[in-house]
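Nothing in this text is a laboratory measurement; each read-out follows from the coordinates by a stated rule. Nothing here was measured: the structure is a model prediction, and the numbers come from that model. Glycine gets a Cβ as well: all are built from the backbone with ideal geometry, and neighbour counts include every protein chain shown.
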Amino acid sequence: MNDPIVSARGVRKSFGHVEVLKDISLDVHAGEVACLLGPSGSGKSTFLRCINHLEKIDGGQLWVHGERIGYRRAGGRLRELKEHETSRQRASVGMVFQQFNLFPHRTALENVIEGPLIVQRRPKAEVRAEGMALLERVGLADKHSHYPGQLSGGQQQRVAIARALALKPSVMLFDEPTSALDPELVGEVLDVMVQLAASGMTMIVVTHEMGFAKEVGDVVHFMADGSLVESGDPRQVLEDPREARTQAFLSKVLA
Amino acid sequence: MTRTAPDRLDEDLPVLPARYTGRWVAAVVVAGAAVMIVYAMFTNERFQWDVVGQYLFAPPVLSGLLNTLLLTAVSMAIGIVLGIAVAVCRLSANPILSCAAWAYSWFFRGTPLMVQLLFWFFMAALVPKIVLGIPFGPSFFEIQTNAVISPFTAALLGLSLNEGAYMGEIVRSGIRAISKGQTEAAKAIGMSRAQTMRRVVLPQAMRVIIPPTGNETIGMLKYTSLVIVIGYSELLTSVSIIYSRTFQTIPLLIVAAIWYLAVTAVLSVGQYYVERHFERGFSPVRPVRAGRNSGRPSGPAPAVPAAAAASPAVELERLK
Ligand SMILES: Nc1ncnc2c1ncn2[C@@H]1O[C@H](COP(=O)(O)OP(=O)(O)OP(=O)(O)O)[C@@H](O)[C@H]1O
Ligand SMILES: [Mg+2]
């Protein structure tokens with residue numbers, strides 16, 4: 001099998017005395033869509049944030065594209081990265097937040113091109129053309145000059161996806177991308193994600209949309225209390241879970 | 001229980017605007033009072049309006065005004081830059097920087113501005129020579145403090161350092177008003193801390209920062225008159241020099257007041273435009289939904305294609 005894009009080995013994370021991630025190990029391979037399920041507070045968001053180094057792990061190892069997140073080799077040892085060095089690592093990881101977090105003072109297109117323009121310092125004309133193409137891809141080319149406040153939640157989230165894609169990441173992280181949306185707007189965001197998965201993007205998706213996990217996911221990881229309880233084929237995990245905790249969770253969610 | 005007959009939708013009744021009798025009464029009272037005040041001021045001989053007119057555009061008054069404007073503009077500009085630096089240091093993870101910023105604010109907000117001005121002006125008495133060089137080693141550059149500290153530089157130092165402490169608090173509150181999600185989104189697209197501050201946080205914080213900064217600027221316009229104690233001739237100093245000679249105190253103070261009011265009016269208009277600039281993207285705000293179950297009040301049908309509202313499984317069928 002090919003090398004994994006994201007690889008976690010014994011990842012630990014505590015907030016104060018509370019251990020939020022306990023010994024998480026998993027691999028996500030190129031082109032794979034991995035869905036992370038689990039009850040509230042189980043550490044799903046925290047795990048995603050560690051992958052993007054928004055949180056620092058306290059133990060274990062985390063690799064993205066063969067690079068150790070947060071460290072670099074210095075002789076025979078590992079040197080902790082400085083802020084600007086982690087910024088570079090982050091650019092290869094796209095992140096989509098539950099609350100969208102678009103920049104409210106910039107138009108849809110400006111949001112999308114902010115990374116390429118400011119972080120990658122690429123020429124404006126080129127970046128604009130790419131940004132428009134991305135907005136086209138999420139079905140919002142006609143809204144390019146709208147401010148986030150003038151867009152619906154679903155439209156904002158699609159702009160946020162385009163913004164993350166603009167840096168041409170090798171993996172996309174989604175943290176409950178549809179949880180803040182009115183039910184009738186969920187579909188338009190899932191559509192975009194389905195297309196993205198079909199285009200071969202590597203994705204890690206925290207979601208409560210069981211339909212999405214089952215239909216689009218290549219693998220499902222179930223987390224509870226900071227531990228990885230069960231991983232496997234979506235149909236197997238969702239329809240015939242082995243672990244008692246998975247069964248309990250699913251019976252509540254699917255009830 | 002009796003009920004009035006329900007309005008019928010098809011009834012075509014004439015519409016009358018609501019009546020606000022109280023507003024009319026208030027308007028008459030206010031207008032009357034205003035007319036009386038203006039009348040009393042302009043018919044009272046002792047206001048000496050002819051003297052006011054004579055000095056309003058007198059060269060010493062205008063040059064004082066110019067100095068006031070210069071001092072206000074430069075002190076505010078330095079104060080704002082210092083304020084941003086102080087706020088960023090104060091919020092930094094580096095404990096030394098944040099303590100230093102706190103101490104700065106504490107000192108400059110905690111001592112009277114007048115004392116600070118005098119202090120800078122008499123600095124030569126404390127520190128006769130300013131020396132640039134290696135500490136305890138050779139010096140490259142030496143200058144007499146008196147040569148550097150003129151009334152203007154002392155005024156500038158006093159006003160801007162003091163202003164920096166106040167602006168620091170204003171900027172800090174503005175920065176803190178921006179949600180953590182914004183900085184995280186900026187980090188997630190690989191922005192450095194400085195880029196995040198400059199491109200994401202400060203432009204949004206400006207909405208919170210501008211109104212109190214407008215206050216500070218207008219305040220500064222009048223605080224500049226304190227420099228009278230170190231003999232820098234701004235507007236109020238200039239008129240006081242004139243009235244101490246001619247004893248026309250009231251009309252000359254009116255001259256100064258008129259200019260302060262005029263400049264304040266201009267500054268207020270400027271503030272309006274600056275506020276409007278930073279209001280970009282915020283004006284017609286549609287709030288972000290807090291939770292998934294927050295039902296939308298039944299309104300017009302959602303402008304989402306039916307297929308999009310259906311389950312993703314339907315979409316999958318289409319893709320295959
Ligand atoms: N910055 C923080 N400081 C302290 N505790 C935190 C912090 N962030 C998260 N936690 C705690 O870590 C635990 C895991 O949180 P996390 O947000 O990862 O859960 P989650 O699985 O994403 O839950 P949800 O489905 O509600 O989003 C929770 O108990 C939470 O209270
Ligand atoms: Mg979460």
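Based only on the alpha carbon positions, what is the Kirkwood hydrodynamic radius of the stretch B:107-217, in angstrom?
Working: mean 1/r = 0.0583 Å⁻¹.
It works out to 17.2 Å.
For the stretch A:144-255, what mean projected area does the convex hull of the alpha carbons give, in nm²? Show your work: numbers first, answer last.
Working: hull surface 32.6 nm².
Here the figure is 8.1 nm², rounded to one decimal.
Between B:Leu267 and A:Asp233, what is the label-to-label distance in nm when each label sits 7 Å out along the Cα-to-Cβ direction?
Between B:Leu267 and A:Asp233, the simple spin-label model gives 7.4 nm.
When Cβ neighbours within 10 Å are restricted to other protein chains, what is their mean count per residue of peptide A:102-109?
On the way: counts 5, 9, 11, 12, 6, 2, 0, 0.
Mean partner shielding for this stretch: 6.
Compute the separation of the alpha-carbon centres of the stretch B:163-222 and the stretch A:33-107 and state it in Å as a whole number.
Between the Cα centres of the stretch B:163-222 and the stretch A:33-107 lies a distance of 26 Å.
Listed highest first by mean packing, meaning other Cβ atoms within 10 Å per residue, what order do A:226-238, B:78-90 come in? Can you show the working numbers first?
Values: A:226-238: 18.5, B:78-90: 21.5.
Ranked by mean Cβ neighbours within 10 Å, highest first: B:78-90, A:226-238.
Among A:Gly94, A:Gly154, A:Gly16, whose mean-square fluctuation peaks in a Gaussian network model of chain A (Cα, cutoff 10 Å)?
Among A:Gly94, A:Gly154, A:Gly16, the largest GNM mean-square fluctuation belongs to A:Gly16.
Rounded to two decimals, what is the ratio between the C-alpha radius of gyration of the stretch B:25-71 and 2.2 N^0.38 Å? List each step's numbers first, then the result.
Working: Rg = 16.5 Å, N = 47, 2.2 N^0.38 = 9.5 Å.
The reported ratio for this selection is 1.73.
Run the numbers on chain A and let me know its relative contact order in percent, using alpha-carbon pairs under 8 Å that are six or more apart. Could you put the intermediate results ahead of the total?
Working: 459 pairs, mean separation 65.9, N = 255.
For chain A, the relative contact order is 26 percent.
Give me the dipole magnitude in Debye, nearest 20, for chain A about the Cα centre, with unit charges on the beta carbon: positive for Lys and Arg, negative for Asp and Glu.
On the way: 30 positive and 32 negative charges, 238 e Å.
For chain A, the charge dipole is close to 1140 debye.
So what is the calculated 222 nm ellipticity per residue for chain B, using -39500 (n - 2.57) for each DSSP H run with n of 4 or more, over all residues, to the nearest 500 deg cm²/dmol?
Taking each H run of at least 4 residues, the total per residue is -21000 deg cm²/dmol.
Where the Cα atoms of the stretch B:135-288 are projected onto their three principal axes, how long is each span, largest first, in whole Å?
Sorted from largest, the Cα extents of the stretch B:135-288 read 66, 56, 18 Å.
If you take the square roots of the eigenvalues of the alpha-carbon gyration tensor of the protein assembly as shown and sort them as a ≥ b ≥ c, do you get rounded (a/c under 1.5), prolate (a/b over b/c) or oblate? Present the calculation step by step, with values, prior to reporting the outcome.
On the way: a/c = 3.05, a/b = 1.58, b/c = 1.93.
Oblate.
With r as the distance between the Cβ atoms of B:Leu66 and A:Arg122 and R0 = 56 Å, compute the FRET efficiency 1/(1 + (r/R0)^6) and round to 0.05. Intermediate results must be reported in sequence, preceding the final value.
Working: r = 47 Å, r/R0 = 0.84.
Efficiency, rounded to the nearest 0.05: 0.75.
With a Förster radius of 51 Å, plug the Cβ-Cβ distance of A:Ala30 and B:Arg280 into 1/(1 + (r/R0)^6) and report the FRET value to the nearest 0.05. Don't jump to the answer; show the numbers that get you there.
Numbers: r = 40 Å, r/R0 = 0.79.
Working from the Cβ atoms, E equals 0.80.
Please state, as a whole number in µm²/s, the translational diffusion coefficient that the Stokes-Einstein equation yields for the stretch A:68-201 at 37 °C and 0.692 mPa s, with Rh defined as the Kirkwood radius across alpha carbon pairs. Mind showing how you got there, number by number?
Details: Rh = 15.6 Å.
Value of D from the Cα-based Kirkwood radius: 210 µm²/s.
Strictly greater than 22 Å: what percent of every Cα pair in the stretch A:23-106 meets that? Intermediate values should be presented prior to the final figure.
On the way: 1170 of 3486 pairs.
Cα-Cα pairs of the stretch A:23-106 separated by over 22 Å account for 34 percent.
With labels modelled as points extended 7 Å from the Cα through the Cβ direction, what inter-label distance (nm, one decimal) is found for A:Glu67 paired with B:Ile96?
Spacing of the two 7 Å Cα→Cβ label points: 3.0 nm.
Could you tell me whether chain A comes out rounded, prolate or oblate from its Cα gyration tensor? Rule is a ≥ b ≥ c as square roots of the eigenvalues, rounded for a/c under 1.5, then prolate if a/b exceeds b/c, otherwise oblate. Walk me through the numbers before you get to the answer.
On the way: a/c = 1.87, a/b = 1.18, b/c = 1.58.
Since a/c reaches 1.5 but b/c is at least a/b, the shape of chain A is classed as oblate.
So for B:Tyr273, B:Tyr55, fewest C-beta neighbours within 10 Å to most, what's the order? Could the numbers behind the result be given before it?
Details: B:Tyr273 8, B:Tyr55 21.
Ordered by Cβ neighbours within 10 Å, fewest first: B:Tyr273, B:Tyr55.
Excluding B:Ser173 itself, calculate the net charge of residues whose Cβ lies under 15 Å from the Cβ of B:Ser173, where each Lys or Arg counts +1 and each Asp or Glu counts -1. Mind showing how you got there, number by number?
Working: positive: B:Arg90, B:Arg109, B:Arg172, B:Arg176, B:Arg207; negative: B:Glu169, B:Glu216.
After counting each charged neighbour, the total is +3.
Angle, helix B:151-176 long axis vs. longest principal axis of chain B, Cα atoms, 0 to 90°, nearest 10?
20
Can you put B:Val51, B:Val269 in order, fewest other beta carbons within 10 Å first? Let's see the in-between values first.
Details: B:Val51 17, B:Val269 10.
Exposure proxy ranking, most exposed first: B:Val269, B:Val51.
For A:Lys168, list the aspartates and glutamates whose Cα falls under 15 Å from its own Cα; do not include residues on the same chain fewer than 8 positions away.
Within reach: A:Glu114, A:Glu126, A:Glu130.
State log₁₀ I(q)/I(0) for the stretch B:168-246 at q = 0.15, 0.22, 0.25 Å⁻¹ as given by the Debye formula over alpha-carbon point scatterers of equal weight, solvent excluded.
-0.65, -0.93, -1.07
Give me the net charge of A:Val219's neighbourhood, meaning all other residues with Cβ under 10 Å from the Cβ of A:Val219; Lys, Arg count +1, Asp, Glu -1.
Details: positive: none; negative: A:Asp27, A:Glu32, A:Asp218, A:Asp233.
Computed value for this residue: -4.
Hey, in the GNM for chain A with a 10 angstrom Cα cutoff, which one of A:Phe174, A:Phe222, A:Phe103 fluctuates hardest?
Looking only at A:Phe174, A:Phe222, A:Phe103, the biggest GNM fluctuation is shown by A:Phe103.
Compare the peptides B:186-197, A:197-208, B:108-119 by average per-residue count of other Cβ atoms within 10 angstrom and give them in order, highest first.
Details: B:186-197: 21.2, A:197-208: 19.2, B:108-119: 15.2.
With the highest mean Cβ count within 10 Å placed first, the list reads B:186-197, A:197-208, B:108-119.
Which value does Rg/Rh take for the stretch B:1-130 over its C-alpha atoms, Rh per Kirkwood?
Details: Rg = 30.5 Å, Rh = 23.2 Å.
Rounded to two decimals, Rg over Rh is 1.32.
Quick one: compute a quarter of the convex hull surface over the Cα atoms of the stretch A:131-197 and quote it in nm².
Numbers: hull surface 17.8 nm².
Projected area, direction-averaged: 4.4 nm².
Kindly work out what percent of the DSSP beta bridges joining two residues of the protein assembly as shown are antiparallel, to the nearest 5. Please list the in-between numbers first.
Numbers: 29 of 45 bridges.
Beta bridges within the protein assembly as shown, antiparallel portion: roughly 65 percent.
Once Lys and Arg get +1 and Asp and Glu get -1 on their Cβ, which of A:Ala224, A:Thr107, B:Met197 lies farthest toward the positive end of the dipole of the protein assembly as shown?
The listed residue farthest towards the positive side: B:Met197.
Of the residues A:Asn101, A:Asn111, A:Asn52, which exhibits the maximal mean-square fluctuation in a Gaussian network model of chain A defined by a 10 Å Cα contact cut-off?
Its mean-square fluctuation being the largest, the pick is A:Asn101.
Can you pull the mean other chain C-beta count within 10 Å for peptide A:146-155?
Numbers: counts 1, 7, 5, 8, 5, 1, 5, 5, 3, 1.
Per residue, the number of nearby Cβ atoms from other chains is 4 on average.
So which of A:Lys44/B:Lys180; A:Lys124/B:Lys180; B:Lys129/B:Lys222 end up more than 21 Å apart, counting from Cα to Cα?
Values: A:Lys44/B:Lys180 19 Å; A:Lys124/B:Lys180 28 Å; B:Lys129/B:Lys222 32 Å.
Where the Cα-Cα span goes over 21 Å, the pairs concerned are A:Lys124/B:Lys180; B:Lys129/B:Lys222.
Can you tally the net charge around A:Glu239? Count Lys and Arg as +1, Asp and Glu as -1, for every other residue whose Cβ sits under 12 Å from the Cβ of A:Glu239.
Working: positive: A:Lys214, A:Arg235, A:Arg242; negative: A:Asp233, A:Asp240.
Net charge around A:Glu239: +1.
Can you give the average number of partner chain beta-carbon atoms within 10 Å of each beta-carbon in peptide A:192-199, as a whole number? Working shown, then result.
Values: counts 1, 2, 6, 2, 0, 2, 3, 0.
That works out to 2 on average.
Across the Cα atoms of chain B, what radius of gyration and what greatest pairwise Cα-Cα distance (Dmax) are found, in Å?
Every Cα atom of chain B included, Rg and Dmax give 30.0, 100 Å.
Using only the Cα atoms of the stretch B:118-171, build the gyration tensor, take square roots of its eigenvalues as a ≥ b ≥ c, and label the shape rounded, prolate or oblate: rounded if a/c is under 1.5, else prolate if a/b is larger than b/c, else oblate. Walk me through the numbers on the way to the answer.
Working: a/c = 3.08, a/b = 1.63, b/c = 1.90.
Oblate, because a/c is 1.5 or more while a/b does not exceed b/c.
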